Amino acid sequence: MRSIVWPLLALLVILHHDFWFWNDPTLVAGWFPIGLMYHVGLSIVAAAFWLFAVKCAWPTELVDEQPSPVNAGDSAEAPQA
Amino acid sequence: MTSLTIIGIYLVILLLLGVSSNRLFRGTSLDYMLASHSIGPFLLLMSLFGTTMTSFSLVGSTGKSYAVGIGVYGLMASSSALLHPLCFFMIGLKVWRLGKTHGYSTQIEYFKDRLDSQRIGWVLFPVVVGFVIPYVLIGILGAGGTINAVTQGVFPEAFASSGGGIPAWLGSLVICGVVLTYVFFGGMRGTAWANAFQTTVFMALGVITFFVLVKGVGGKEGFLESMQAASSAVAPGKLSREAMPHRIYFAFLLVPFSIGMFPHIFQHWLTARDANAFKLPIVVHPLFVMIVWAPCVLIGTWASAASVGIPDTLPSAAILGFLVNKHSGEVLSGLLTAGILAAIMSSLDSQFLCLGTMFTRDILGRRGGDEKKSIFYARLFVVAIVAVCYGLALLASTAKNVSIFNLGIWCFSAFSALFPVIVAALYWRGLTKAGTYASIITTAAVWIALLRDADWGNNTHYSFLGQHQIVTLVAASTIALIGVSLMTKRPSESTLAKFFPDHHRD
């Protein structure tokens, strides 16, 4: 699975240059320009792709690393109410 | 006056948030500059997103779409959605690990070690700071201008010379003061909290503004009918990219790589609690980009229809404000202004803190030693940086021949040109000290030469050999980096073994 991550990214970069919708002013559902809809869709696909990359190509040497004891349990996640 | 009250309340909340974060301050310079590497996934996501998105994401995207149509989204948003996470994944993670292992707080500390060169900072520091400062000025000037625009006529006697609105210099001063206060007291933790709050604000207000404006622009009873009416009134050319040259669109793919060398993004990466904290930003960043940009691009495109009634003389940066004023009340106008200021300040705070950290660590050379003194110097430098940037912003606002906003785009191009340096440092053992010097100096020299050729940024259609300047800059920097590195001596074996753990096995 790891080996297909980078070819997939290259494919997405190629798909970003969508010359096939370049001059197409079609409105999907009467309001959504098809060129914009395509790129909004590409953003969602990008999120899905990066989820796949995180699951399948995460660097194992970093996954194994634990939080340092000095910081454990003391997250700066959110201010106290 | 309602708008001003809302902005005032917003700024007070920010101040309280920044000052209250000081309660968790551990009294060390590591805590002040890097929040003791304690930032978890949510705060890292919000900090990185808030820092990379500026007022251009709300106001600029609407104005640019008004001018050129829906192509702006592909040009700047979907490319960032795809490539920003790549930078987090391939560079941010590695930088975080090296920073935590070797105790780096700035880019220059890393490069000094990686290249066996104590003097690399002499070249890298002025170049990086020189490219960041115009970016800071854009924020300061934008904040002052926004406050002036929204308060026009509120103080007809006190501020008669600035249209009865709060003068831009005063608005900029207030924003600098607020950001300075929470950065001064809260350091990186305060900055991260403020960024999370501000990112939430500008995202939420962007979406709310969209829903309110749809009916106003479309003019129909139902939501869907209004969107259909708004879209069908737009000229077909704005609903496609027929006016957008392919080469420009392709060149803009290089812009998102600029974040790989932004020193303030570098510093945010170092704050992560662990490697897993990067997962959320990597996955969610593209969705956040979409949530902010898609509504703004649609509104801007719809505004280009003649029926919407945008005056021809209206500057593109004022399109969103004009629509809000026309189709909603003062409350939304005030909220939207708070959202725009949030987008500006969520970048400014990181830049101020980063510059203060760089002066403390890279110029003063304070690593270890008396912690109280280090924090004192870091805060002193943050105050000095804010004061200097504010002074420069005042000067820039009076300059007639230089467009600071166009200069900002040039700065992004420069950081993209420096991107090969960080990639090579992390992944290429063949990178040499001389190759890095050559790449940085080439970037600076070519940047100045092209900028001069482009009438100091005023020629917005400038190209060199038919290419956008970013292509020329990246090509020149990469050729210098690889060419000189291949001809010069690599760092010592011990250095390579330190940064490439599998080096001895080769």
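Full-extension gain between B:Ile363 and B:Lys326, please, as 0.36 nm times their residue separation minus the C-alpha to C-alpha distance.
Computed gain between B:Ile363 and B:Lys326 is 8.3 nm.
Name the longest site-free stretch of chain B, where the excluded sites are trypsin sites (Lys or Arg not before Pro) in a DSSP loop with no more than 10 other beta-carbon atoms within 10 Å.
Numbers: sites that count: B:Lys400, B:Lys489.
Result, exposed sites excluded: B:1-399.
For chain B, find the longest principal axis of its Cα atoms and tell me its angle to the long axis of helix B:330-358, 0 to 90°, nearest 10.
Between helix and principal axis, roughly 10 degrees.
B:Leu486: net charge of surrounding residues, Cβ under 14 Å, Lys/Arg +1, Asp/Glu -1, itself excluded?
+4
Would you mind telling me the share, in percent, of accessible area of the range B:407-506 contributed by carbon and sulfur at probe 1.4 angstrom? Spell out each step's value before the answer.
Numbers: 2980 of 4630 Å².
Accessible surface attributable to carbon and sulfur in the range B:407-506 totals 64 percent.
At 0.890 mPa s and 25 °C, plugging the Kirkwood radius over alpha-carbon pairs of the protein assembly as shown into Stokes-Einstein gives what diffusion coefficient in µm²/s? Intermediate results must be reported in sequence, preceding the final value.
Details: Rh = 24.5 Å.
My calculation gives 100 µm²/s for D.
Using Cα pairs closer than 8 Å and at least 6 residues apart in sequence, work out the relative contact order for the range B:1-123, in percent.
Here the relative contact order equals 13 percent.
What's the Cα-based Rg to Rh of the range B:407-506, Rh via Kirkwood?
A ratio of 1.10.
Simple spin-label model, 7 Å along Cα-to-Cβ: B:Asn22 to B:Lys498 in nm?
About 3.7 nm separates the two model spin labels.
Can you tell me the 0 to 90 degree angle between the C-alpha axis of helix B:120-150 and the longest principal axis of chain B, rounded to 10?
Helix B:120-150 sits at roughly 10 degrees to that axis.
Within a Cβ distance under 15 Å of A:Asn23, other residues only, what is the Lys/Arg minus Asp/Glu net charge?
-1
Under the definition of partner shielding as Cβ atoms of other protein chains within 10 Å of a residue Cβ, what is the mean value for peptide B:196-202?
Numbers: counts 4, 1, 0, 0, 0, 0, 0.
Mean number of neighbouring Cβ atoms from other chains: 1.
Out of residues 5 or more away from B:Phe464 or on other chains, whose amide H comes under 5 Å of its own, with H placed 1.01 Å from N in the peptide plane?
Excluding prolines and chain starts, which carry no amide H, the hits are B:Gln469.
For the ranges B:260-271, B:409-420, B:281-292, B:453-464, what's the packing order if you count other beta-carbon atoms within 10 Å of each residue, average per peptide, and put the highest first?
B:260-271, B:409-420, B:281-292, B:453-464
Per DSSP helix of 4 or more residues, -39500 (n - 2.57); summed, then divided by the residues of chain B. What does that give at 222 nm, rounded to the nearest 500?
So the calculated ellipticity at 222 nm is -23000 deg cm²/dmol.
Which values of log₁₀ I(q)/I(0), to two decimal places, follow from the Debye formula for the range B:265-361 at q = 0.18, 0.20, 0.24 Å⁻¹ with a uniform point scatterer at every Cα?
For the requested q values the scattering log ratios are -1.00, -1.09, -1.30.
Let a ≥ b ≥ c be the square roots of the eigenvalues of the Cα gyration tensor of the range A:2-58; is it rounded (a/c under 1.5), or, if not, prolate (a/b larger than b/c) or oblate?
Numbers: a/c = 5.54, a/b = 2.19, b/c = 2.53.
Oblate.
If you build the Cα gyration tensor of chain B and take the root of 5 times each eigenvalue, what three semi-axes come out, in whole angstrom, biggest first?
After scaling each eigenvalue by five and taking roots: 38, 27, 21 Å.
How many nm is it between the label spots at A:Met1 and B:His102, if each spot is 7 Å from the Cα in line with the beta carbon?
Distance between the two pseudo-spin positions: 3.3 nm.
Need the list of aspartates and glutamates near B:Lys94 for cross-linking: C-alpha distance under 17 angstrom, and skip anything on the same chain fewer than eight residues off.
A:Glu61, A:Asp64, A:Glu65, B:Glu109, B:Asp113, B:Asp274, B:Asp502
Once fully extended, how much extra length lies between B:Gln152 and B:Leu395, figured as 0.36 nm per residue of separation less the alpha-carbon to alpha-carbon distance? Write down the numbers at each step before the final one.
On the way: separation 243, 0.36 × 243 = 87.48 nm, distance 2.29 nm.
In short, 85.2 nm is gained.
Taking the 0 to 90 degree range and rounding to the nearest ten, how far is the long axis of helix B:279-303 tilted relative to the main principal axis of chain B, both from C-alpha atoms?
30 degrees
Whole-Hz ³J(HN,Hα) for each residue in the range B:31-46, computed from phi via Karplus 6.51 cos²θ - 1.76 cosθ + 1.60 with θ = phi - 60°, x for glycine and proline: what do you get?
With the stated coefficients, the range B:31-46 comes to 6, 5, 8, 10, 6, 6, 6, 10, 7, x, x, 5, 5, 5, 4, 5 Hz.
Over the range B:117-203, what number does the Rg to Rh ratio reach, with both radii from the alpha-carbon atoms and Rh per Kirkwood?
Working: Rg = 17.3 Å, Rh = 15.3 Å.
Expressed as Rg/Rh, it is 1.13.
Over all pairs of distinct alpha carbons, what does the Kirkwood formula give as the hydrodynamic radius of the range B:1-82, in Å?
16.1 Å
Would you work out the relative contact order for chain B, in percent, from Cα pairs under 8 angstrom that are 6 or more residues apart?
Numbers: 827 pairs, mean separation 148.2, N = 506.
Computed value for chain B: 29 percent relative contact order.
Would you tally the net charge around B:Phe111, using a Cβ to Cβ cut-off of less than 12 Å, leaving B:Phe111 out, and scoring K and R as +1, D and E as -1? Spell out each step's value before the answer.
Working: positive: B:Lys112, B:Arg114, B:Arg119, B:Lys433; negative: B:Glu109, B:Asp113, B:Asp116, B:Asp362.
Surrounding charge for B:Phe111 is 0.
If R₀ is 60 angstrom, what is the calculated FRET efficiency for the pair B:Ile448 and B:Glu225, using the beta carbon separation as r and rounding to 0.05? Write down the numbers at each step before the final one.
On the way: r = 54 Å, r/R0 = 0.89.
About 0.65, to the nearest 0.05.
List the lysines whose Cα lies under 23 Å from the Cα of B:Lys215, skipping any in the same chain that are fewer than 8 positions away.
Qualifying lysines at Cα under 23 Å: B:Lys64, B:Lys238, B:Lys326.
The values are calculated or read from the model by the stated rules, or taken from the named source; none is laboratory data. On a predicted model such as this, the values are computed, not experimentally measured, just so you know. Please note: Cβ atoms are built from the backbone with ideal geometry, for glycine as well, and neighbour counts cover all protein chains shown. Quick note on the areas: whole protein, heavy atoms, side chains included, nothing else; ligands and nucleic acids left out. Shrake-Rupley method; radii C 1.70, N 1.55, O 1.52, S 1.80 Å.
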